[in-house]
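Chemist: Just passing along the structure, written as structure tokens.
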Amino acid sequence: MTPILSLQSVSKTFTVGAHEVRAVDDVSFDVAKGECLAVVGESGSGKSTIANMILGIYPPSEGTISYRGTVLPSSRELSHRRAIQLVQQNPLSSLNPKRTIGASLRLALDVHGIGERSRRWERVGKLLEEVGLPADYRSRSPATLSGGQRQRVAIARALACESEIVVLDEPTSALDVLVQARTLKLLNELKESRGLTYIFITHDLSVVRNIADRVAVFENGKLVELDTVETIFSNPADPYTRGLIGAVPVVTREEEALRTSLTEKENNANA
Amino acid sequence: MTAPTLLIRDLRLSFKGYSGLVEVLHGISLHIDKGERVALVGESGSGKSVTARIILGLLQTMRTARISGTVNFEGRDLEAMSRAERHRLRGTKMSMIFQDPTSSLNPVYRISEQFHEVLKRMVPGIGRAEADRKAAAMLADVSITEPERVLASYPFQLSGGMNQRVMIAMALANEPSLLIADEPGTALDVTVQAQTLKLMRELVTRHNTAVLFISHNLGVVREFADRIYVIYKGRIVEHGKATQLFDNPRHPYTRALMNAIPRITGEGIPKIQDNSDEYLAPLVVHEGCGEPGEVA
Ligand SMILES: Nc1ncnc2c1ncn2[C@@H]1O[C@H](COP(=O)(O)OP(=O)(O)OP(=O)(O)O)[C@@H](O)[C@H]1O
Ligand SMILES: Nc1ncnc2c1ncn2[C@@H]1O[C@H](COP(=O)(O)OP(=O)(O)OP(=O)(O)O)[C@@H](O)[C@H]1O
Ligand SMILES: [Mg+2]
Ligand SMILES: [Mg+2]
């Protein structure tokens, strides 16, 4: 079966003054329809850059990105823009400060002609309720929301478009555990009911463990490991992956035990 | 006995909106002694960031905000200070790492220029080259591997975690006596987060800095804080030393929080009850943790 999304030898180089940054370095991977692919890796390893290229915010310096077997052009058609949605890492910068929350969500529905015009305002209220916010937040401006409330608005907007692929860049990092659990549950339900595909960028391995089907590990712009979530956690091949699992702050003694056994394994590997 | 670095008594806040007043803080009391690391944890929208903004004096200027209660900094009532005096405190003796990078990083200036401004608040005559040297050293401390490139960049040219570390370095640059850190590590992966928290801990220990650490990540709080206040819907519901709280969470809301954490042992997304009347149960104070002047 053709993968819904495919990256072939994708690289991205930025120039900052006299400095060159190879943010993404020869990366290839496929994403199957209906799967949740977690993308993890240290800060600055190129995760958001990959997300931005998938969205067509800027093109790769080298390589191609295909959607259902067709190479995506650097300027995207509206249908592609609808099919692939992004929840940005910093939700404040992705919401227009001059628009109310309701107007921003409404705009997304208008642009893509989703639902009947007369029902859209109501639909906006429903979307907010789905992410655990009261419908009357429609009339509030982004500046009057807390960090986690804004993050949920950004998620609601991405889901509004009824897209096929949703790229989520640290979508739950500002959420407390209760809201996080509810949001993950909602994402899981939508994945089942609508057959959504997720590319889920996060540094939170406990979230990865509980939502992802496969995990891609990045280091320094390179893809160093890609495997099922079970294999990554029970038998991580890459030392960086092992380090990540070993450093998760935990709250129970069982989890602490898991960390210790990993470190021992690592010690054996190094011996 | 010296006064606590921060003492908040019965702090109340409401916002005026279309539909009348909305009460956000219902009388919060908390304190932080010199050199102490205190965490404020609670759900999204519970009032953590607004508390921080009031301490810094940022909400007082807002027309829609109604505030009452007292905030003392090193024994002095902040309300009694002149605006100029409060302004001088910010960024020098009191500094903050904001939850959202756009509140503290200006998109149109390079990091180098912004760092220079921060350092000038303490040493007005400091030159750009000297500031760059200092900044580069501080960035290296927060595990930034290419400080020169980062200094030459605009915020949009840096990753989320790099921007967060820049903010952390800036907030620590002037060795404040009170550091307010609002979700300081959310965009950092665990290895960098652990390093950054370790650095923060070293610096605050060395300079005897008091820290108000705002976070929803209980794992991080467990590793960083001496004492914890749990806040729910604008009220403190439980207060205790970190060990007391983690070994024996007593308030129903704190217990729910602990149960909702996804485990790396992988048991699926936890099942939780979002809202419960139980969460409104009265404040639980652990042994030996009363507010100064009150009996525990
Ligand atoms: N527009 C840009 N111009 C110049 N450099 C950039 C730009 N965008 C990203 N970079 C650089 O590319 C590298 C990768 O950045 P990216 O944002 O993809 O990292 P990330 O993996 O998302 O990290 P984090 O977990 O911290 O968000 C970083 O060194 C960053 O400074
Ligand atoms: N300027 C404002 N006008 C009206 N309401 C506001 C304003 N600022 C904040 N609020 C509301 O006050 C409540 C507390 O907000 P605050 O930012 O303190 O939450 P928080 O505890 O920091 O949450 P998070 O973990 O999501 O960041 C929220 O319900 C928010 O919507
Ligand atoms: Mg990123
Ligand atoms: Mg907040």
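Quick note: the coordinates plus some simple rules give every number you see, no bench work behind them. On a predicted model such as this, the values are computed, not experimentally measured, just so you know. Methodologically, a virtual Cβ is constructed for each residue, glycine included, from the backbone with ideal geometry; neighbour enumeration extends over all protein chains shown.
Chemist: Quick one: go through the range B:18-48 and flag any residue whose amide nitrogen is under 18 Å from the point 7 Å out along the Cα-to-Cβ line of residue B:63.
Modeler: B:18-22
Chemist: A follow-up question, please. Taking a quarter of the surface of the Cα convex hull of the range B:102-173, what do you get in nm²?
Modeler: Value for the range B:102-173: 4.2 nm².
Chemist: Among the GluC sites (Glu not before Pro) within the range A:56-142, which fall in a DSSP loop and have no more than 10 other Cβ atoms within 10 Å of their own Cβ?
Modeler: Sites meeting the loop and neighbour criteria: A:116.
Chemist: Using the number of other C-beta atoms within 10 angstrom as an exposure proxy, rank A:64, A:202, B:2, B:51 with the fewest first.
Modeler: In increasing order of surrounding Cβ atoms, one gets B:2, A:64, A:202, B:51.
Chemist: Just check the range B:11-110 against the gyration tensor rule for me: Cα atoms, a ≥ b ≥ c as the square roots of the eigenvalues, rounded for a/c under 1.5, and otherwise prolate or oblate depending on whether a/b exceeds b/c.
Modeler: rounded
Chemist: Under the definition of partner shielding as Cβ atoms of other protein chains within 10 Å of a residue Cβ, what is the mean value for peptide A:11-21?
Modeler: That average works out to 3.
Chemist: Give the residue from A:90, B:157, A:144 lying farthest towards the positive end of the charge dipole for the protein assembly as shown; charges sit on Cβ (+1 for Lys and Arg, -1 for Asp and Glu) and the dipole is referred to the Cα centre.
Modeler: It is A:144.
Chemist: Would you mind computing, in nm to one decimal, how far apart the modelled labels at residue A:162 and residue A:110 are, each placed 7 Å from Cα along Cα→Cβ?
Modeler: Calculated label separation equals 1.9 nm.
Chemist: Something else: Could you check how many percent of all C-alpha pairs in the protein assembly as shown are farther apart than 43 Å?
Modeler: 17
Chemist: A further question on this structure: With the crude spin-label approximation of a point 7 Å out along Cα→Cβ, what separation in nm comes out for residue A:79 versus residue A:58?
Modeler: 2.9
Chemist: Restrict the search to the range A:96-184; then list the trypsin sites (Lys or Arg not before Pro) that DSSP places in a loop and that have at most 10 other Cβ atoms within 10 Å of their Cβ.
Modeler: Qualifying residues, ordered by number: A:98.
Chemist: Per residue of A:202-215, count partner chain C-beta atoms within 10 Å of its C-beta, then hand back the mean as an integer.
Modeler: Whole-number average of other-chain Cβ neighbours for A:202-215 is 4.
Chemist: Sticking with this one: Just tell me the longest site-free run in chain B, where the sites are trypsin sites (Lys or Arg not before Pro) in a DSSP loop having at most 11 other beta-carbon atoms within 10 Å.
Modeler: Value returned for the longest uninterrupted segment is B:64-270.
Chemist: Need the full-extension length gain, residue A:20 to residue A:129, defined as separation in residues times 0.36 nm minus the C-alpha distance. One decimal, nm.
Modeler: Result: 34.8 nm gained on full extension.
Chemist: Within 10 Å of each Cβ in peptide B:152-164, how many partner chain Cβ atoms are there on average? Round it to a whole number, please.
Modeler: The mean count of partner-chain Cβ atoms within 10 Å per residue comes to 5.
Chemist: If you don't mind, another one. If one computes P(r) from the Cα atoms of chain A, what percent of pairs lie at distances over 23 Å?
Modeler: Distances greater than 23 Å cover 55 percent of the Cα pairs.
Chemist: Report the gain in length on full extension from residue B:88 to residue B:21: 0.36 nm times residue separation, minus Cα-Cα distance, nm rounded to one decimal.
Modeler: Length gained, residue B:88 through residue B:21: 20.9 nm.
Chemist: Next up: Residues with beta-carbon under 15 Å from that of residue B:97, excluding residue B:97: net charge, scoring Lys, Arg +1 and Asp, Glu -1?
Modeler: +1
Chemist: Which of B:34/B:241; A:126/A:191; A:47/A:98; B:48/B:233; A:126/A:185 have a Cα-Cα distance over 21 Å?
Modeler: From B:34/B:241; A:126/A:191; A:47/A:98; B:48/B:233; A:126/A:185, over 21 Å: A:47/A:98.
Chemist: Here's a follow-up. When DSSP assigns beta bridges and you keep just the ones with both residues in chain B, what percent turn out antiparallel, to the nearest 5?
Modeler: 55
Chemist: Same structure again: If you add up the charges near residue A:115, with Lys and Arg at +1 and Asp and Glu at -1, over every other residue whose beta carbon is less than 14 angstrom from its beta carbon, what do you get?
Modeler: +3
Chemist: While we're here: Could you list A:71, B:41 so that the one with the fewest beta carbons within 10 Å of its beta carbon is first and the one with the most is last?
Modeler: Details: A:71 10, B:41 26.
Lowest count first: A:71, B:41.
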